[in-house]
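Contents: one structure, followed by commentary.
The values are calculated or read from the model by the stated rules, or taken from the named source; none is laboratory data. Since the structure is predicted, the reported quantities are computational estimates derived from the model, not experimental observations. Cβ: placed from backbone, ideal geometry, glycine included. Neighbour counts: every protein chain shown. To get the accessible areas, we keep the full protein, side chains included, count just its heavy atoms, and leave off ligands, DNA and RNA. Shrake-Rupley method; radii C 1.70, N 1.55, O 1.52, S 1.80 Å.
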Amino acid sequence: MNFSTPPFPANATPHTTAFSAPAILSGSALVKTYGSSTALAGMDISIRAGESVAIMGASGSGKTTLLHTLAGITSPDSGRVDFQSPSGSVDVTAMNERDRSRLRREAFGFVFQQGLLIPELTAIENVALPLMLAGYPRREAEGRAQHWLAALGLAGMEARRIGELSGGQAQRVAIARAQVTGATVVFADEPTGALDSATSEDVLNALLGSTVGQGHALVIVTHDDAVAARCSRVIHLRDGRVLPSAQTAGSTGRAVSA
Amino acid sequence: MTATITTTPPMASASRSRAPVARLTWLLARPSAQSAALLVLPGLAFAVTTALVLIVLGGGMMFSRWTLDDNADATVYQMLSVLALVLLLVPLASLGGAAARLSARRRDDRLATLRLLGATPGTVTQMTVLESTAIAVLGSLVGIVLYLIAMPFVGLIPFAGEAIGAGALWVGPGVLLIVVVAVAALAAISAAIGLRRVTISPLGVRTRQTAPKMHWTRIVVGVLAIIGAYALLGSMSGIADAALTIAVLGTGIGIGIAVLNLIGPWALGIAAKLSLRRAKSAAQLIAARGILESPKAAWRQVSGVAMTSFIAVVAGTGIAVVSSLTGDYEEDTMLLLADIRTGIIITVVTSFLMVACSVGVNQAANILDRRDLYVSLDRLGMPREVIEKFRSRTVMSPLRFVTIGSALVGGVLVFPLVGISFIVAPASLIVIAGCLIGGVFLVWLALRATGPVLTRVLREPERL
């Protein structure tokens, strides 16, 4: 595995080559139901390397289910998800739980609304964890984690426990954790949902800079128009389907396509 | 479908918005509002606690009813039954406490949120105390049924040459009522104490900021207490009065138990710091940090085993002493010696049962408490084996530490009573080794038994 190094443009903008790049992750005819409610109703979507895709929609529209399905957390009832790994195309939906777990660990990164960091570990230990799981010696893992924390403006806070950090700082730790293994796709579920607007801006800069700025893809579920406006593409969902662009025009003014 | 709101909803009047505590508690406790497991687990733990308390009390009361006319050794039986009750008290309190904490902790987060929304500290405390007490009462009623079912089987155990019979273990309606009230009170007090944290600092609970600190003065107090207990037990040979002998023995053992609980968490914290420095893998790192987060909680998970290790040494030497007395004794004396052996085995087995229940309850509570963490680790791709490994290490490392430490404290206190020859006698060592291996195996088994809870949390995180 080729782990990335932290330096990235401070205020990265969406990658301009994204629209011509091949799809790194694609879902086709995805269907997922929970009891009588349909979360995904035959959805098609493709994510290209170097682009940031905002997924928007009302609560229950299928945003998080789509994110979890693309990331291999949830299996769809039907349809398939393909991921272009460095060694070739893999059908995520055909993988068993163990292989999907490995894929998430090695190829994907995650940033959740609450960060979901391990509260009793320090900032540096949280970031080093994915590398340790990949078999890196602790010293080396913490060395790389330290670089990432510094690059995200958290130098000097390595030994702090998560409860001792502010919401924005904790999210930057989560971003460092998501990128320390060099994940080519990062999934973010309302990463700025619990933050004030200024902190939200900082976190978004860090997230875009460390993903899109490095040529990686970012899939971000958000309710925030300001966040979506910073992404290269916006997808609106309703009742498990992607809304045609005409119905969403004016919401963010960004390109809309699946 | 879209709806246009033409009028704003009327504001609730102050009197209507002030829902009675009981109604609000019922609303939040309904099975539809939360997983049934959160109510069933503590209820089951209270049921097992109650059943074991009643069986132990029934046995104790049976011996207390014996007179010298029934059995010439009635006083000896009574003395030994009191000693067994003292030894079983701590594992029993530990199990009861685990049940009460589980019942109260389940509500920490939800009540912290209620507090943040403006519920008064009084309302929050009343709700938790009410809910925990209700679960405890229901659990103890189930426990009474378990006790009634177990009575005929426990009644098969022979004492003084014949089976004691189910009827001998009947404690009577008065004691049943007292036990139910005591279990309910234990739950209410635990809930009220546990909730102090929530009512004082709701944000601290939501963000889990506070990491309790331990102080080195504990070890100084502990060592002084052990020296005192050693001297006290050493002076026993000069005491002729039976009641005074029991009092001194009880005090000595009580001090030993107290010291274990005083020093245990502190020493465990030191050991975890050393493990943290040496940690190479993710599982080792998380386990060490997990113990350091609250050495007291880590200790509590295995403190029951500390008691069984302690009891194992006392029981082992007891058996060795009894075995050494198999000379040309009268039939009555031989019967008494056999009964002492039976009593020791019952005490050890009962304490093991309590420990197994206690570990199971604590482990299930731990998974439910930290479900967000387990779910996030699973989503990040942490292999299930690694999660199981650090979960296991968080319990088994303290366990190793606890079994050895408590066996040593037990040995130190038993030494002035029986001397080194009985402590290292083959019969003694067999019982001690058997108890320790059995205890560790039971904890491991209880840990494995909670695996399905983790599976369910990972499969349906939103339902728990």
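Filter region B:59-76 down to the residues that are more than 18 Å from B:V175 (Cα to Cα) and in a helix (DSSP H, G or I) and list them by number. Once the filter is applied, which keeps residues that are more than 18 Å from B:V175 (Cα to Cα) and in a helix (DSSP H, G or I), region B:59-76 yields B:A74, B:T75, B:V76. Taking the numbered list (1) surrounded by 22 or more Cβ atoms within 10 Å (Cβ to Cβ); (2) in a helix (DSSP H, G or I) in turn, A:A150 passes all entries but (1). Looking across B:V322, B:V359, one residue alone is away from chain A (no Cβ under 14 Å) and either buried (at least 24 other Cβ atoms within 10 Å of the Cβ) or closer than 30 Å to A:L129 by Cβ (or both). It is B:V359.
Residue-by-condition table, conditions (1) more than 11 Å from chain A (Cβ to nearest Cβ); (2) open to solvent by 10 Å² or more (accessible area, probe 1.4 Å):
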position: B:I253; (1), (2): yes, yes
position: B:A258; (1), (2): yes, yes
position: B:L276; (1), (2): no, yes
position: B:A279; (1), (2): no, no
position: B:L285; (1), (2): no, no
position: B:R289; (1), (2): no, yes
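Scanning region A:58-75 for residues that are away from chain B (no Cβ under 13 Å) and open to solvent by less than 20 Å² (accessible area, probe 1.4 Å) gives A:S61, A:G62, A:K63, A:L66. Figure legend. Inter-residue proximity from region B:336-363: first residues not assigned by TED's automatic domain parsing to the domain that holds B:V443 and of a type in the set (A, V, I, L, M, F, W, C), second residues open to solvent by 20 Å² or more (accessible area, probe 1.4 Å) and in a helix (DSSP H, G or I), beta-carbon distance below 7 Å, spacing 6+ or different chains. No pairs are indicated. Within region A:141-155, restricting attention to residues that are among the small types (G, A, S) and in contact with a helix residue (DSSP H, G or I) (Cβ under 9 Å, 6 or more places away or on another chain), the residue that is nearest to the other protein chains (Cβ to nearest Cβ) is A:A141. Restricting to region A:5-43, and then to whatever is hydroxyl-bearing (S, T, Y) and not in a strand (DSSP E or B), can you tell me which residue is modelled with the highest pLDDT? Going through the qualifying residues, I end up with A:S36. Within region B:425-446, residues that are modelled with pLDDT of 75 or more and open to solvent by 20 Å² or more (accessible area, probe 1.4 Å) sit with their Cβ atoms under 7 Å from residues that are assigned to a helix (DSSP H, G or I) and among the polar types (S, T, N, Q), at 6+ positions apart or across chains, in these pairs: B:L436/B:S309; B:L436/B:T403; B:V440/B:T403.
Does region A:156-168 hold any residues that are open to solvent by less than 50 Å² (accessible area, probe 1.4 Å), within 13 Å of chain B (Cβ to nearest Cβ) and part of a helix (DSSP H, G or I), and which are they? Talk me through it step by step, then tell me what you get.
As a first pass, look at region A:156-168 and keep what is open to solvent by less than 50 Å² (accessible area, probe 1.4 Å): A:157-158, A:161-163, A:165, A:167-168.
Narrowing the set further to residues that are within 13 Å of chain B (Cβ to nearest Cβ) leaves A:161-163, A:165, A:167.
Matches in region A:156-168: A:I162, A:G163, A:G167.
Can you tell me how many residues in region A:113-140 are in contact with an Asp or Glu (Cβ under 7 Å, 6 or more places away or on another chain), facing chain B (nearest Cβ under 7 Å) and of a type in the set (A, V, I, L, M, F, W, C)? Residues in region A:113-140 being in contact with an Asp or Glu (Cβ under 7 Å, 6 or more places away or on another chain), facing chain B (nearest Cβ under 7 Å) and of a type in the set (A, V, I, L, M, F, W, C): 1 in total. The C-beta contact set for region A:179-201 (first residue closer than 16 Å to A:V221 by Cα and touching a residue at least 40 places away in the same chain (Cβ under 8 Å), second residue among the small types (G, A, S) and part of a strand (DSSP E or B), distance under 7 angstrom, 6+ apart or interchain) comprises A:V185/A:A217; A:V186/A:G109. Would you call B:L408 more than 14 Å from every other protein chain (Cβ to nearest Cβ), in a helix (DSSP H, G or I) and either touching a strand residue (DSSP E or B) at 6+ places or on another chain (Cβ under 9 Å) or surrounded by fewer than 21 Cβ atoms within 10 Å (Cβ to Cβ) (or both)? Criteria met by B:L408.
Given the structure, is B:M396 open to solvent by less than 60 Å² (accessible area, probe 1.4 Å), out of contact with any Gly (no Cβ under 9 Å at 6 or more places or on another chain) and not in a helix (DSSP H, G or I)? Lay out the reasoning, then the answer.
Values: open to solvent by less than 60 Å² (accessible area, probe 1.4 Å): yes; out of contact with any Gly (no Cβ under 9 Å at 6 or more places or on another chain): yes; not in a helix (DSSP H, G or I): no.
No: the conditions fail for B:M396.
For region B:376-388, the candidate set comprises residues that are open to solvent by 20 Å² or more (accessible area, probe 1.4 Å) and touching a helix residue (DSSP H, G or I) at 6+ places or on another chain (Cβ under 8 Å); within that set, the residue that is farthest from the other protein chains (Cβ to nearest Cβ) is B:E388. Across region B:402-416, the number of residues qualifying as within 23 Å of B:A364 (Cβ to Cβ) and over 16 Å from the mean Cα position of the chain (by Cα) comes to 0.
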